[in-house]
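S.K.: One structure, pasted below without further comment.
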Amino acid sequence: MKTVTESAREVPVIAEVDVLVVGSGPGGLAAALGAARAGVSTMVLERFGCLGGNITVVGVESLAWYRREKTVDSEGIGIELEQRAKAMGATSPEPQSKSEAINADMFKVVADKLVEESGVTPLLHAVAIDAIMDGDGETIKGVITHSKSGRGAILAKRVVDASGDADVIHYAGAPYFKMPKEKMLPVTVMFSVAGVERKRFLDYVAANPGKYKDWGLNWDTQKGGKEDELFSPYLDKPFDRARAEGVIPPGLKSIGGTWSTITDSGEATYLNMIHLTGYDGTDVWDLTKAEIEGRTQALHAIKALNHFAPGFEKAKLRTYGMTVGVRDTRKIVGRYNLTEHDVRSQARFEDSIGIFPEFIDGYGILILPTTGRYFHVPYRALLPKGVENLLVAGRCIGGDKTSHAAVRNMMCCAVSGQGAGTAAAVSLKTGRSVAEVDIAAVQAELRRQGARIA
């Protein structure tokens, strides 16, 4: 491989804070709010032009589409995100659960307000490109950023990697792993359409209700059985007919999935219908191909809906998500790594920083939390090996592939985020490293912030 030599340069320090959070999805937002509310100066760094991560830049509408009548749910900032969005008129009822479908564009303002009120300093349009390490190479001191303003250094006493892809972990040299590309969870280009005749479509759904057992037809999904007869906004028949009748290419098995909000004005705002396998979200060439292929397949999906989904005859593309949605890339090697047994057997941990219901969605498993079962999220799963004063939040916390199918969900990302941000703040205020922080003090602060620990 050819290389070039990049000249050494002095990088200006553009900010110094107590806690720096890299990434502003549900995990990063919760981390930043948790740290600030615990009383330390906090900055959140975001590569896009808005906060919110998968909610705003991908267009994933629900933090808690798993929630059912008997679900024992997480508490804390994740619920606050949902409730604040509702209070600001940014939600509508989610069709398959007891949760809210969040308007992606309005949530940008919701996130702005929450960050402003908590005293967090946001920096948008800036991406972390390296870690700043001390002389021993084992303690992080901040990150190097790149933006339209050039390169800049942000110094921090504690760093929370909420990038989703463990970018800072990678730059800092901490150990991590990835599934082989061909086994990674699929990536998705989300899209929305306008021109839907809402009543006709909902009448069609009522006459042909999707159920979770249908997921096994095209998605090869194993379920616990108790989910089979529950309603799911899943569509397969229009796409099967479109393939069979030559309306779309017969080999496009990656098309098919779920709808969510259908507005009174005829907009279907969250169509999760493209599932592309064999793409690595940390490979820029794969990301490029996935964006292009996903947009093309979304148009095929709209064509199929035009032909075979009553009410969608005149539907046309409204928007694509700002970026492809990625479910699965790097995961840290944590001080503890969650297991399938943990998330399926109500694991309890003394260092719990929050709870999450028994909800698994990925790697061919779907378990919905319909019986009140839940597991603890341990603080040690947020602690990477090999680097001091660095925590992770979101889907890259330590665990195996089945536990990943649980903790990757946005509400659980908020749980680990609030835990990480709060622990970072408490460690600073008590003069301890994040590895040696008094977990009882962290738990006390989390309870004060409204989180449920046990």
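S.K.: Could you tell me how many of the residues in the range 287-325 are within 13 Å of VAL189 (Cα to Cα) and of a type in the set (D, E, K, R)?
M.R.: 4
S.K.: Also: Just to be sure I understand, how many residues within the range 230-249 are surrounded by 13 or more Cβ atoms within 10 Å (Cβ to Cβ) and outside any loop (DSSP other than H, G, I, E, B)?
M.R.: 10
S.K.: Filter the range 24-59 down to the residues that are within 16 Å of VAL159 (Cα to Cα), open to solvent by less than 10 Å² (accessible area, probe 1.4 Å) and of a type outside the set (S, T, N, Q) and list them by number.
M.R.: Listed by number, the residues that qualify are GLY27, GLY28, LEU29, ALA30, ALA31, ALA32, LEU33, GLY34, ALA35, ALA38, VAL44, LEU45.
S.K.: A further question follows. Specify the residue that is farthest from TYR336 (Cα to Cα); the eligible residues are those in the range 166-218 that are in a strand (DSSP E or B) and at pLDDT 95 or above.
M.R.: This residue is ALA194.
S.K.: Name, by its number, the condition in (1) without any contact (Cβ under 8 Å) to a residue 60 or more places away in the chain; (2) under 18 Å from GLU61 (Cα atoms) that does not hold for ILE274.
M.R.: Only one criterion in (1) without any contact (Cβ under 8 Å) to a residue 60 or more places away in the chain; (2) under 18 Å from GLU61 (Cα atoms) is unmet by ILE274, namely (1).
S.K.: Return the pairs, sorted by first residue and then second, in which the second residue is β-branched (Val, Ile, Thr) and assigned to a helix (DSSP H, G or I), the first residue lies in the range 163-176 and is in contact (Cβ under 8 Å) with a residue 12 or more places away in the chain and more than 21 Å from HIS125 (Cβ to Cβ), the beta carbons are less than 8 Å apart, and the residues are 6+ apart or on different chains.
M.R.: So the pair list comes out as TYR176/ILE169.
S.K.: Among the residues of the range 250-259, is there at least one that is open to solvent by 40 Å² or more (accessible area, probe 1.4 Å), assigned to a helix (DSSP H, G or I) and free of Cβ contacts under 8 Å to residues at least 40 places away in the same chain?
M.R.: no
S.K.: Are any residues in the range 311-344 touching a Ser or Thr at 6+ places or on another chain (Cβ under 9 Å), of a type in the set (S, T, N, Q) and over 26 Å from VAL387 (Cα atoms), and if so, which ones?
M.R.: Within the range 311-344, THR319 is the sole residue that qualifies.
S.K.: Here's another thing I want to ask about it. Could you tell me which residue of the range 42-56 is nearest to LEU123 (Cα to Cα), considering only residues that are of a type in the set (Val, Ile, Thr) and assigned to a helix (DSSP H, G or I)? Quick ask: steps written out before the conclusion?
M.R.: Let us first name the residues in the range 42-56 that are of a type in the set (Val, Ile, Thr), namely 42, 44, 55-56.
Now narrow it down to the ones that are assigned to a helix (DSSP H, G or I): 55-56.
Numbers: ILE55: 18, THR56: 16 Å.
Among those that are of a type in the set (Val, Ile, Thr) and assigned to a helix (DSSP H, G or I), it is THR56.
S.K.: Now, a different point. Quick test of your reading of the structure: THR3 fulfils all but one of (1) assigned to a helix (DSSP H, G or I); (2) closer than 25 Å to ASP130 by Cβ; (3) polar (S, T, N, Q). Name the failing condition by number.
M.R.: Evaluating THR3 over (1) assigned to a helix (DSSP H, G or I); (2) closer than 25 Å to ASP130 by Cβ; (3) polar (S, T, N, Q) leaves (1) as the failure.
S.K.: Looking at GLY256, GLY281, GLY266, which is the one that is within 19 Å of the chain's Cα centre (by Cα), more than 13 Å from MET190 (Cβ to Cβ) and of a type in the set (Gly, Ala, Ser)?
M.R.: The conditions single out GLY281.
S.K.: Please give the number of the condition ARG395 fails out of (1) of a type in the set (Lys, Arg); (2) in a helix (DSSP H, G or I); (3) under 18 Å from ARG327 (Cβ atoms).
M.R.: Of (1) of a type in the set (Lys, Arg); (2) in a helix (DSSP H, G or I); (3) under 18 Å from ARG327 (Cβ atoms), only one is false for ARG395: (2).
S.K.: Moving on to the next point. For the structure I just gave you, tell me whether ALA194 is over 30 Å from ALA268 (Cβ atoms) and not β-branched (Val, Ile, Thr).
M.R.: Criteria not met by ALA194.
S.K.: So the check is Cβ under 8 Å with 6+ separation or different chains; which pairs have a first residue in the range 25-39 that's at positive phi and a second one that's not in a loop (DSSP other than H, G, I, E, B)?
M.R.: So the pair list comes out as GLY39/ALA425; GLY39/LYS429.
S.K.: Moving on to the next point. Given the conditions (1) within 21 Å of GLY34 (Cα to Cα); (2) in contact (Cβ under 8 Å) with a residue 60 or more places away in the chain, and given that THR371 satisfies all but one, which numbered condition is not satisfied?
M.R.: Exception for THR371: condition (1).
S.K.: Any residue in the range 149-160 that is closer than 19 Å to GLY281 by Cβ, of a type in the set (A, V, I, L, M, F, W, C) and surrounded by fewer than 18 Cβ atoms within 10 Å (Cβ to Cβ)?
M.R.: no
S.K.: Quick check on the range 400-454: of everything there that is in contact with a helix residue (DSSP H, G or I) (Cβ under 7 Å, 6 or more places away or on another chain) and part of a loop (DSSP other than H, G, I, E, B), which residue is surrounded by the most Cβ atoms within 10 Å (Cβ to Cβ)?
M.R.: Filtering the range 400-454 for residues that are in contact with a helix residue (DSSP H, G or I) (Cβ under 7 Å, 6 or more places away or on another chain) and part of a loop (DSSP other than H, G, I, E, B), the one surrounded by the most Cβ atoms within 10 Å (Cβ to Cβ) comes out as ALA451.
Results for (1) in contact (Cβ under 8 Å) with a residue 60 or more places away in the chain; (2) part of a strand (DSSP E or B); (3) open to solvent by 50 Å² or more (accessible area, probe 1.4 Å), shown as yes or no for each residue.
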{"site": "TYR270", "(1), (2), (3)": "yes, yes, no"}
{"site": "LYS289", "(1), (2), (3)": "no, no, yes"}
{"site": "GLY294", "(1), (2), (3)": "yes, no, no"}
{"site": "ALA298", "(1), (2), (3)": "yes, no, no"}
{"site": "ALA301", "(1), (2), (3)": "yes, no, no"}
{"site": "GLY311", "(1), (2), (3)": "yes, no, no"}
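S.K.: Sticking with this structure for a sec: Do the conditions hold for LYS70, that is, is it basic (Lys, Arg) and farther than 29 Å from GLU267 by Cα?
M.R.: Yes.
S.K.: Which pairs do you get when a residue that is within 19 Å of ARG327 (Cβ to Cβ), found in the range 341-366, comes within reach of a residue that is polar (S, T, N, Q) and modelled with pLDDT under 95, reach meaning Cβ atoms under 6 angstrom, with the pair 6+ apart or on two chains?
M.R.: Filtered contacts from the range 341-366: GLY364/THR221; GLY364/GLN222; ILE365/GLN222; LEU366/THR221.
S.K.: Conditions first: (1) at positive phi; (2) open to solvent by less than 10 Å² (accessible area, probe 1.4 Å); (3) modelled with pLDDT under 95. GLY364 passes all but one, so which condition is the exception?
M.R.: Every condition holds for GLY364 apart from (2).
The values are calculated or read from the model by the stated rules, or taken from the named source; none is laboratory data. These figures come from a predicted structure and were not determined experimentally. Every residue, glycine as well, gets a Cβ built from its backbone with ideal geometry; the counts of neighbours run over all protein chains shown. Calculation scope for accessible area: heavy atoms of the full protein, side chains included, ligands and nucleic acids excluded. Shrake-Rupley method; radii C 1.70, N 1.55, O 1.52, S 1.80 Å.
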